[in-house]
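The values are calculated or read from the model by the stated rules, or taken from the named source; none is laboratory data. This one's a predicted model, so the numbers in the text were calculated from it and none came from an experiment. Counting neighbours? That spans all protein chains shown, and the Cβs are built from the backbone with ideal geometry, glycine included. When the accessible area is computed, the model is the full protein with side chains, heavy atoms only, and any ligands, DNA or RNA have been set aside. Shrake-Rupley method; radii C 1.70, N 1.55, O 1.52, S 1.80 Å.
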Amino acid sequence: MPVRSCAGNPPPGVGRYAFAAARVDVPDSGVFRIHFFADALFPLKQYRLFVCTPVSGLKKTIVSCTVRVKFLQADEGFPPECKEYSMKKITAVLLLCIVAAGIVCAGGKKDTGVDNSLEDLKARGVFVLGLDDSFPPMGYRDESNNIVGYDIDLAAEVCSRLGVTLKCQPIDWAAKEQELNTGNIDCIWNGFTMTPERKEALAFTDAYLDNAQVVIVRRDSGYKTLADLAGKTIGLQAGSSASDAVNASPAFKDSLKEIVEFKDNLTALMDLEIKGVDAVVMDMVVGNYSIKQTGKDFVVLDEHLTTEEYGIGFRKGDIKLRDEVQRILNEMAADGTVAAISTKWFGTDISVIGK
């Protein structure tokens, strides 16, 4: 049973090539990051490859290592903030990245054995929340392109009581733990399911919502049970708890014809609507909300794959920050703030904080 990815396609007639380069950011703080990520890559005969910002400052402390590429159409003007590199120079930069990656020990936060996470946050004055910004109602973009949602309202109130500013940082959900461990975000707060593996790697708050992994189908499909999907194609978000739930149900997984991975749940549901897939596995909270808001002719099967809980994930060593956020959430539950936010988004108080 194959698994394929639908993360996006190159323009018509343009192939994929395994070229990559690095970009080094050197902010005024004196600490720089080498950004390094994989993307759809195109032939150099049609695109020129650039590396933005000079690669000076390599003597400074490296806090993360990723691969980033920048492609420009051949007839585009040369951007003044970028410097063109020959393939020889690109190779040299990549070698520097590889060496840097070897000395960055599983992330950008140096482990001193002292937990200053809460003090550091208050000194910075900004709380960076990592999220998938297409995950309604937990966190998504509204018609004005503002990031809103249940989790966002909770986090905004927590930040207000902490005396810091909330910054919502969209991330690649498949790389969420890397974003956290490299210090790009302070927490993962976006309908984040607590699994035994994640609990080993991260510091979680107590659960704040109950959830389940469910299967959504078109109402006219005739599918009523998981067994009805034998030989069919399902969709799910790459790197999600839905993927974990399917993998944890080998009999169900083996019965399928194909699993298609999407960047986000909304894209998966659009593919379901046009009959690209026969069903979508996703979070019950998100699925029910989406069906209610969009009015799409979908139904949720009564048979669930798993039940689970949402929590807020912090770096393993950031216990003081985790505990302070938990204390404030408990305070918000006691004074009725959590119930009010829950009722705003779900019509009733479904939170489990302090219960």
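Quick grid of which residues meet (1) under 17 Å from residue 212 (Cβ atoms); (2) not β-branched (Val, Ile, Thr):
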position: 270; (1), (2): no, yes
position: 281; (1), (2): yes, no
position: 286; (1), (2): yes, no
position: 291; (1), (2): yes, no
position: 302; (1), (2): yes, yes
position: 307; (1), (2): yes, no
Legend entry - Cβ pairs under 8 Å, 6+ apart, first in the stretch 325-341 and among the polar types (S, T, N, Q), second part of a helix (DSSP H, G or I) and open to solvent by less than 60 Å² (accessible area, probe 1.4 Å): 337/157
Legend entry - Residue ID - farthest from residue 176 (Cα to Cα), chosen from residues in the stretch 239-258 that are among the aliphatic types (A, V, I, L, M) and surrounded by fewer than 19 Cβ atoms within 10 Å (Cβ to Cβ): 251
Inset, instruction - Go through the residues of the stretch 148-158 one by one and say whether even a single one is within 23 Å of residue 262 (Cα to Cα) and either within 12 Å of the chain's Cα centre (by Cα) or open to solvent by 50 Å² or more (accessible area, probe 1.4 Å) (or both). - result: no
Inset, instruction - Give the residues of the stretch 249-258 that are among the charged types (D, E, K, R), touching a Lys or Arg at 6+ places or on another chain (Cβ under 9 Å) and not in a loop (DSSP other than H, G, I, E, B), sorted by residue number. - result: 258
Legend entry - Total residues in the stretch 210-235, condition in a strand (DSSP E or B) and either within 20 Å of residue 115 (Cα to Cα) or open to solvent by 20 Å² or more (accessible area, probe 1.4 Å) (or both): 2
